[in-house]
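Below is one structure, written out as structure tokens, with a few remarks after it.
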Amino acid sequence: MSNSIPISDVQRTILCQTEAFEVVSILWSKQVPPLVCNLHNHGWSQCHVLIQEGTFENNLLAGVKAELRIFEVGQVISTPVGAAHQMRCLSESGRTLHVYTPKIAEHKEEDRKFNSLIDQSLKTSIQLGEAVRFDELTKLLSAIEKNSISTHSPYFMNQLFSGVHPQALVAEELIAKSKTTLATHEASPVFSRIENEIVEQLGALIGWNPGSRDGVSVPGGSAANFMAIQLAKQKTFPETKAEGLAGKVFKIFVSKEAHYSFQKAAVSMGFGTQAIVPVGTDETGKMDVTLLEKAILDAKKLGQIPLMVCATAGTTVYGSFDPIGEIHKICHYHSIWLHVDGAWGGPVLFSKTARRLIDKIETADSMTFDAHKLIGASLTCSFILTKHQGLLLEANDVSGADYLFHNSQSEESDRGKLSWQCGRRADSLSFWSIWKNLGTLGLGNLVDRLLSVRDESIAWIQRQERLDILKESSFLNLCVRVAPPSGASDKQWSIRVREELKRQNLAMVNYSSNETGAFLRLIIVHPQVTAEHIRNILKYALEVS
Ligand SMILES: Cc1ncc(COP(=O)(O)O)c(C=O)c1O
């Protein structure tokens, strides 16, 4: 895994090398003449250099243009495909971290692994017991990597995440090295500030007033949805924190396309799954507000308590967005907490064109935001956000933790008090690194580029006789039914196609079913995916016989 090569007096250490990326650390000294890095020479196409120590001069030579810039600790030099750059260390010594990634055409066919059968020798190696030497361990780690699914490939469209962002890789190294907890400010002064900054900036993008924005990072969108219910309960029935439900029958209204995490949360909170009321949707997959109002009135007639309505911003299967403004009117009238599950679609906040999909988001009481899906941060990196400052603390603070929390009067309070977790990883750093490097505008461009891949793909799919798009998506979910070559009707054909794509290591896409049969679901989320990848997958799909 790790080898050091002295080249022209700089010490170059490969920290991690996979078929998808390479991470190299370089130690510099002032005496060394400028090092020329020509991207074509080392076989990769994109290069991100993070300055970890020292001051550097970077001369970017792109065609006839040359750009001379000084870089300091913490800055990242991202070098475009085909450019060469000369680096010179200006300080006595320096340290840089280089993350190399291939360009899209170099994601080689043989790199793809979507059909992993763990052989007996690996099964045996996984068993714990006797100690192995460190070099043996690194060999085992390589074997584990080789047998893992290629989620870094643009042909991995199975989940709501795909691909690895170099900024996230660099951040992960720091998270592992710093190994601290975000429970207390004293143990993580900078990471706590970073988490707070993200909460503030997301709150500002939502349109919540300064001084009202609050939130905390949580391990996944499911956890955020759980905490939204907890917030709604704390706001309306604060006595339940000490007394429990005391016979109250709470109801939570979600679209029938909402994520299953609401049911799991209802189980964990002691409400039972029957507390979740699935509301019907229209032909585009959006919650039908007439049905919502009827369901609320029906619950009230039975003496039940409508606690929360959740509008999904980007449903898991179809990518539909529930109408937040209309749902808010109903919530406002009946005094019900409005939560928006933006685990998948939340990042449209960054896009000038797609933000309309979450029009009136500022009326929500809380929002789930996952950065590990569309933004590409490391798994997991999620947030529960609310416009009721102080409520997370009220809902989660308990006694018995004075051994840990000593400085609650300090300017920066201990963020662990806002959460039901004790130890908390610095997950936010991964999102922060991507946001810092791309900027707010860059994140919007990322979303918009993927949406243009969607448009181009839909136009092509519509021209194919045996492909049929379901609920023409307003988002990055392509739901496509494949008709069998024989022309015969086969409701399960898309499942067969999916399994074949996986078996041949061609692509990994998911499937779902409705009353008319199964269909493929392709998720457009890989940072380098193009319409050509989607055409390739669907061409393979049409060849299955
Ligand atoms: C709409 C929606 N909400 C919540 C979740 C749960 O998020 P996580 O996987 O981060 O727990 C998902 C996951 O796919 C989702 O699609």
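Each value in this text was obtained by applying a stated rule to the coordinates, not by laboratory testing. What you see is a predicted model, and the numbers here were worked out from it, not measured in a lab. Glycine gets a Cβ as well: all are built from the backbone with ideal geometry, and neighbour counts include every protein chain shown.
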Fill in the blank from the handout: Correct semi-axes for the stretch 267-318, from √(5λ) of the alpha-carbon gyration tensor and rounded to whole Å with the largest first, are 21, 16, 8
Practice task
Provide 380, 181 in ascending order of the number of other Cβ atoms located within 10 Å of each residue's Cβ, fewest first.
Solution key: 181, 380
Fill in the blank from the handout: Taking placed amide H atoms and a strict 5 Å upper bound, the residues 5 or more places from residue 215 or on another chain that come that close are 386
Exercise for the section: With an 8 Å cut-off on Cα pairs and a minimum separation of 6 or more residues, tell me the relative contact order of the chain in percent. Expected result: 15
Problem - the stretch 149-545 - charge dipole about Cα centre, Lys and Arg +1 at Cβ, Asp and Glu -1, debye rounded to 20 - result: 580
Fill in the blank from the handout: Normalised Cα Rg of the chain, dividing by 2.2 N^0.38 Å with N its residue count, works out at 1.05
Practice task
Enumerate the lysines that residue 471 could reach by cross-link, defined here as Cα to Cα under 19 Å, with residues fewer than 8 away along the same chain left out.
Solution key: 256, 286, 491
Practice task
Based on other C-beta atoms within 10 Å, arrange 134, 237 from fewest to most.
Solution key: 134, 237
Problem - Cα-based convex hull volume of the stretch 326-453 per residue, rounded to whole Å³ - result: 132
Practice task
Rounding to the nearest 20 debye, state how big the charge dipole of the stretch 205-269 is about its Cα centre with +1 on each Lys and Arg Cβ and -1 on each Asp and Glu Cβ.
Solution key: 120
Handout entry: Distance cut-off 21 Å, percentage of C-alpha pairs in the stretch 186-294 lying past it
Key = 53
Completion exercise
Here the net charge surrounding residue 523, from other residues whose Cβ is less than 11 Å away from its Cβ (Lys, Arg +1; Asp, Glu -1), is +3
Completion exercise
Among beta bridges assigned by DSSP with both residues in the chain, the antiparallel ones amount in percent, to the nearest 5, to 80
Practice task
Only helices at least 27 Å long along their axis, Cα-based, and averaging -0.5 or more on Kyte-Doolittle count here, so list those DSSP H runs from the chain.
Solution key: 428-461
Completion exercise
With the dipole of the chain defined by +1 on each Lys or Arg Cβ and -1 on each Asp or Glu Cβ, the option from 258, 192, 413 whose Cα lies farthest towards the positive pole is 258
Practice task
Would you calculate, for the chain, the mean residue ellipticity at 222 nm contributed by helices, counting each DSSP H stretch of 4 or more residues as -39,500 (n - 2.57) and dividing by all residues, to the nearest 500?
Solution key: -9500 deg cm²/dmol
Completion exercise
By Cβ neighbour count within 10 Å, fewest first, 344, 460, 493 rank 460, 493, 344
